[in-house]
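Structure, as structure tokens:
The values are calculated or read from the model by the stated rules, or taken from the named source; none is laboratory data. Note that the structure is a prediction, hence the values are computed from the model and not measured. No Cβ is skipped: glycine too gets one built from the backbone with ideal geometry, and neighbour counts run over all protein chains shown. Just the protein is used for accessible areas: all its heavy atoms, side chains included, with ligands, DNA and RNA removed. Shrake-Rupley method; radii C 1.70, N 1.55, O 1.52, S 1.80 Å.
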Amino acid sequence: MFTIKKAFAAALAVVTLASIAACGSSSSSQGGQQGDSVAQIKKSGTIRIATFGDLPPYGYVKNDGTRAGYDVALGTRIAKDLGVKVKWVQVNADGRVDSLKSNKVDMVLANFTVTDERRQVVDFASPYMKVSIGVVSPKKAAISNASQLNGKSLAVTKGTTAEAFFTEKYPDVQLQKFDSKTQQFQAFKDGRVAALADDNTYLYAWVKDNPSFTVGIKSIGDESTIAPAVRKGNANLLKWTNDEIKTLTENGFFVKAYESELAPSFTSDIKPDDVIIK
């Protein structure tokens with residue numbers, strides 16, 4: 001027999017379930033929408049940007065604890081033009097995509113090379129730098145051709161274009177894969193690997209501070225570009241970023257950033273046109 005008491009209990013159960021669903025929907029919606037639009041970023045007063053902490057002169061932490069580098073200069077300018085503060089989120093190379101997919105950041109500015117594979121999972125804005133893979137080795141045992149690496153150990157950072165390239169094109173090279181740039185270069189300097197592969201623009205800077213090494217292979221594979229990345233489908237922030245890159249390029253921002261952030265770290269044979277996109 002269906003009593004009033006049973007009816008009340010059933011009604012209470014429906015209300016409770018509806019409340020739980022509503023709370024879950026609200027929480028999920030708020031988490032998913034955080035930073036989804038320029039308006040929401042401005043309202044929050046903060047843009048969350050993923051960057052490196054150990055990749056001078058692009059993104060690194062100075063001795064006084066402040067951040068510096070070419071990517072950091074761009075992120076700082078983006079925040080200024082949005083009228084918000086920056087919350088820097090430090091990532092390793094293989095954590096850049098996940099930081100966007102998990103909504104930990106709104107944008108990645110971490111020497112992020114544009115690839116077809118990455119385009120499937122993030123949206124890249126207009127590029128602001130060009131780059132290709134280079135290989136650095138000790139001057140006393142210089143590597144000037146990739147075939148010299150067959151059967152030898154090569155250091156790469158996980159999640160980089162260098163790792164993908166050598167995995168596909170040079171299967172006879174023994175890759176030693178590291179989680180961070182710091183680990184990668186420490187292994188290289190310790191002599192645990194014969195050479196190291198990374199973005200050539202970064203290697204140009206590294207050998208200036210480490211003159212017993214040389215970039216014997218200045219470019220291998222296709223030339224690529226470096227660009228900001230936003231969460232897949234975030235059309236609003238993507239459009240704003242594209243407009244921002246265009247304006248900054250026209251205003252000479254990248255030339256000035258090159259001179260202040262990159263030029264002091266490069267050898268004299270490297271010119272702005274070798275790196276920036278005008």
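With the whole protein complex present, M107 retains an accessible surface near 0 Å², based on a 1.4 Å probe.
As a fraction of the 1.4 Å probe accessible area of the chain, surface on carbon and sulfur atoms comes out at 52 percent.
Relative to the present Cα-Cα distance, how much length would full extension add between D81 and S212 at 0.36 nm per residue of separation?
In short, 42.9 nm is gained.
Rolling a 1.4 Å probe over the protein heavy atoms gives region 63-122 an accessible area of 47 Å² per residue. Here, the chain has an Rg and a Dmax of 23.4, 93 Å when only alpha carbons are counted.
How tilted is helix 70-82 with respect to the longest principal axis of the chain? Cα atoms for both, answer in degrees (0 to 90, nearest 10). That works out to roughly 40 degrees. Applying a threshold of 23 Å to the alpha-carbon distances of K42/K158; K43/K278; K42/K101 flags K42/K158; K43/K278 as lying beyond it. Seen against the Cα atoms of the chain and their longest principal axis, helix 4-33 is set at about 20 degrees.
Rounded to the nearest 5, the antiparallel percentage of DSSP beta bridges internal to region 130-232 is 60%. Charge tally for F52 (other residues, Cβ to Cβ under 14 Å; Lys, Arg +1; Asp, Glu -1): -2.
Spacing of the modelled spin labels on D273 and K239, each 7 Å from Cα toward Cβ, amounts to 3.6 nm. With a Förster radius of 22 Å applied to the beta-carbon distance between Q176 and V121, the computed FRET efficiency rounds to 0.25.
Quick one: which residues, 5 or more positions from I143 or on another chain, have an amide H under 5 Å from its amide H? H modelled 1.01 Å from N in the peptide plane, none for Pro or chain starts. Those lying under 5 Å, H to H, from I143 are S137, G216.
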